[in-house]
Amino acid sequence: MEMRQLGGLQVSRLALGTMTWGRDTDENEAAEQLQSFVDAGGNLIDTAASYADGDSERVIGGFIGTLVKREQLLIATKAGITSQNGSRKTNASRAALLEDLDKSIARLGVDHLDIWQIHNWDNNVPLEETLSAIDYAVTSGRTSYVGVSNYSGWQLARAVTLQNPIFGKAGIISTQNEYSLLNRNAENEVLPACRNLGVGFFAWSPLGRGVLTGKYRNGVPSDSRGASPHFARFVEPYLKDRAAKIVNAVCVAADGLGYAPLEVALSWVRDAPQVTSTIIGARTGAQLRGVLAAEQIELPAQVRTALDEISN
């Protein structure tokens, strides 16, 4: 798998997402996915303290030293989101973040993280307080690098400016935002900010929350995320007429090229300007192997241009 430079790290251009591990994806399926990913040359694994209430990290931790060696993985996790009474709550205070940090390290069973990210912007906490946590995380050796997630362009620029290493701060090396043919909002401010600030970009949900696979063209399959109690509301916004037009274009392109729709959609994101790594997730090992097949293809320029125009 092709590697891309991120700060002092070489990261695989596809990252393994683990949001469903420990809940919808059991340990056997997760083990199969991780083995397939590492065998394909991938090294970046994405998780969060909030995924499955910490069980995603626990599952990963169980594989380190048994299924894979620690040095084979770059572990990127996130902090600052909790679930209370079935709803998500952001808390990016220093105390909450550092508590999440130590719990993540314990669940993963490692002595340090490779990338620790602030999961969400918190309007109720001064940014300087939030950033003080990432300084401590680096100076204490708990993480090698730090990043943010789901920040807007101005929020990212503000955070990166305050964290200028010239002033002895822990520099922010990455941001993680949703990006796909169904959601190109990152192009408005976030991706230009990454280009001008020298920050890496991780794209989450590159398959438009699964819709760009084409599986929802004739309704919501009973075994899909769209039918899941956890993800139905997450998928629903992309089941509208505009999305259907884009999905149809992806499927037509896929038919013409002899690829699967997910390969076309994923390749479009993976090779977009400023994208460092694209986070892929699957329910089963077989699904993941299908996604990893996209690593072997590259979209012709004319197809990319056509998809650009249709999805704009």
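The values are calculated or read from the model by the stated rules, or taken from the named source; none is laboratory data. Keep in mind that this is a model prediction, so the values were computed, not measured. Note that we place each Cβ from the backbone using ideal geometry, even for glycine, and neighbour counts take in every protein chain shown.
Checking region 156-167 against the condition returns no match, with no residue being part of a loop (DSSP other than H, G, I, E, B), within 22 Å of the chain's Cα centre (by Cα), closer than 24 Å to LEU44 by Cβ and at pLDDT 95 or above. Residues of region 182-189 include at least one that is under 15 Å from the mean Cα position of the chain (by Cα), of a type in the set (S, T, N, Q) and within 30 Å of VAL247 (Cβ to Cβ).
Out of all the residues in region 132-154, which are among the small types (Gly, Ala, Ser), more than 12 Å from ILE118 (Cα to Cα) and buried (at least 16 other Cβ atoms within 10 Å of the Cβ)?
First, the residues of region 132-154 that are among the small types (Gly, Ala, Ser): 132-133, 137, 140-141, 144, 147, 149, 152-153.
Narrowing the set further to residues that are more than 12 Å from ILE118 (Cα to Cα) leaves 140-141, 144, 152-153.
Within region 132-154, SER144, SER152, GLY153 meet the criteria.
Listed by first and then second residue, the pairs with beta-carbon distance under 6 Å, at least 6 apart or on different chains, first residue in region 13-32 and farther than 20 Å from LEU207 by Cα, second at pLDDT below 95 and among the polar types (S, T, N, Q), are GLU29/THR284. All of (1) among the aromatic types (Phe, Trp, Tyr); (2) in contact (Cβ under 8 Å) with a residue 40 or more places away in the chain; (3) assigned to a loop (DSSP other than H, G, I, E, B) hold for TYR145 with one exception: (3).
Which pairs turn up if I take residues in region 99-117 that are under 13 Å from VAL138 (Cα atoms) and look for partners that are part of a helix (DSSP H, G or I) with beta carbon separation below 6 Å, at least 6 apart in sequence or on another chain? Partner pairs satisfying both residue conditions: LEU101/ALA137; TRP116/ALA137.
Does at least one position in region 48-57 carry a residue that is farther than 28 Å from GLN10 by Cβ and either of a type in the set (Gly, Ala, Ser) or not in a helix (DSSP H, G or I) (or both)? It would help to see each step written out before you state the result.
Initially, region 48-57 is screened for residues farther than 28 Å from GLN10 by Cβ, giving 52-55.
Checking the rest, the ones that are also either of a type in the set (Gly, Ala, Ser) or not in a helix (DSSP H, G or I) (or both) come to 52, 54.
Looking for residues that are farther than 28 Å from GLN10 by Cβ and either of a type in the set (Gly, Ala, Ser) or not in a helix (DSSP H, G or I) (or both), one finds at least one in region 48-57, hence yes.
Of the helices (runs of 4 or more DSSP H) that lie entirely inside region 215-306, those containing 1 or more residues that are out of contact with any Leu (no Cβ under 6 Å at 6 or more places or on another chain), among the aliphatic types (A, V, I, L, M) and modelled with pLDDT of 95 or more span 241-257, 261-270. Out of curiosity, is ASP53 among the acidic types (Asp, Glu), at pLDDT 95 or above and under 22 Å from SER83 (Cα atoms)? For ASP53, the condition - among the acidic types (Asp, Glu), at pLDDT 95 or above and under 22 Å from SER83 (Cα atoms) - is not met. The C-beta contact set for region 262-281 (first residue among the polar types (S, T, N, Q), second residue in a helix (DSSP H, G or I) and buried (at least 21 other Cβ atoms within 10 Å of the Cβ), distance under 6 angstrom, 6+ apart or interchain) comprises SER267/ALA294; GLN274/LEU191; GLN274/CYS194; THR278/VAL269; THR278/ARG270. Within region 155-172, not a single residue is closer than 17 Å to PRO273 by Cα and either of a type in the set (D, E, K, R) or surrounded by fewer than 23 Cβ atoms within 10 Å (Cβ to Cβ) (or both). Only a single item in (1) touching a strand residue (DSSP E or B) at 6+ places or on another chain (Cβ under 9 Å); (2) buried (at least 18 other Cβ atoms within 10 Å of the Cβ) is not met by PHE63, and it is number (1).
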